[in-house]
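Only the coordinates and a few stated rules stand behind these numbers; no lab work does. Since the structure is predicted, the reported quantities are computational estimates derived from the model, not experimental observations. Here the Cβ is made from the backbone with ideal geometry for all residues, glycine too, and neighbour counts use every protein chain on show.
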Amino acid sequence: MTEFEFNDQLDDLMMAIEDAIEDIDTDIDYENAAGILTLRFDNGTQIILSRQGALRQLWMAARSGGFHFDFNDEREQWICDSNGEEFVKLLNQYASEQAGEPVTLELQ
């Protein structure tokens with residue numbers, strides 16, 4: 001994956017997350033600045049998503065820990081390099097934990 005493809009793919013993903021947040025009833029605030037998307041929950045916790053261009057990775061920092069994702073061309077998904085889970089599954093899991101209610105972000 002070229003740097004351009006990496007950035008283009010992550011721009012699309014970040015925009016899809018923002019759109020999905022707008023479509024749910026759960027109150028999650030977000031801010032996207034300098035390649036970092038910060039999700040803020042009512043209890044003061046955050047999930048921070050950042051791009052790591054040199055490594056071609058997406059990093060997620062949540063209350064449960066830090067996770068690094070590589071894009072898997074065969075699965076066409078961002079996959080966690082430590083446990084093999086899909087990014088969307090883990091994002092929904094940790095957002096649910098931090099929101100204190102079920103969160104399902106439908107990413108298009």
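Quick check on the exposure proxy: order Val103, Val88 from fewest to most C-beta atoms within 10 angstrom.
Val88, Val103
How far, in degrees from 0 to 90, does helix 3-22 lean away from the longest principal axis of the Cα atoms of the chain, to the nearest 10?
That works out to roughly 20 degrees.
Give, in nm to one decimal, the length gained when the segment between Thr38 and Phe4 is fully stretched (0.36 nm per residue of separation minus the Cα-Cα distance).
Between Thr38 and Phe4, full extension yields 10.0 nm more.
Report, in debye and to the nearest 20, how large the dipole of the range 16-68 comes out about its Cα centre when Lys and Arg carry +1 and Asp and Glu carry -1 on their Cβ. Please list the in-between numbers first.
Values: 4 positive and 9 negative charges, 117 e Å.
Value, rounded to 20: 560 debye.
Once semi-axes √(5λ) of the Cα gyration tensor in Å is worked out from the coordinates, which option in [x] 34, 17, 13; [y] 32, 16, 11; [z] 22, 15, 13 does it equal?
[z]
Can you work out ³J(HN,Hα) from phi for every residue in the range 53-66, in order, using Karplus 6.51 cos²θ - 1.76 cosθ + 1.60 and θ = phi - 60°, giving whole Hz and x for Gly and Pro?
Here the 3J(HN,Hα) series is x, 4, 9, 6, 10, 10, 10, 10, 10, 10, 4, 7, x, x Hz.
Are there trypsin sites (Lys or Arg not before Pro) in the range 29-86 that DSSP puts in a loop and that have at most 10 other Cβ atoms within 10 Å, and which ones?
Arg75
Hey, got the dipole for the range 1-101? About the Cα centre, +1 on K and R Cβ, -1 on D and E Cβ, debye to the nearest 20?
My answer is approximately 520 debye.
Between Glu86, Glu22, Glu74, where does the largest GNM mean-square fluctuation fall for the chain, given springs only between Cα atoms within less than 10 Å?
Fluctuation is largest for Glu74.
Which one, Gly44, Met15, Gly66, projects farthest toward the positive side of the charge dipole computed for the chain from Cβ point charges (K/R +1, D/E -1)?
Gly66
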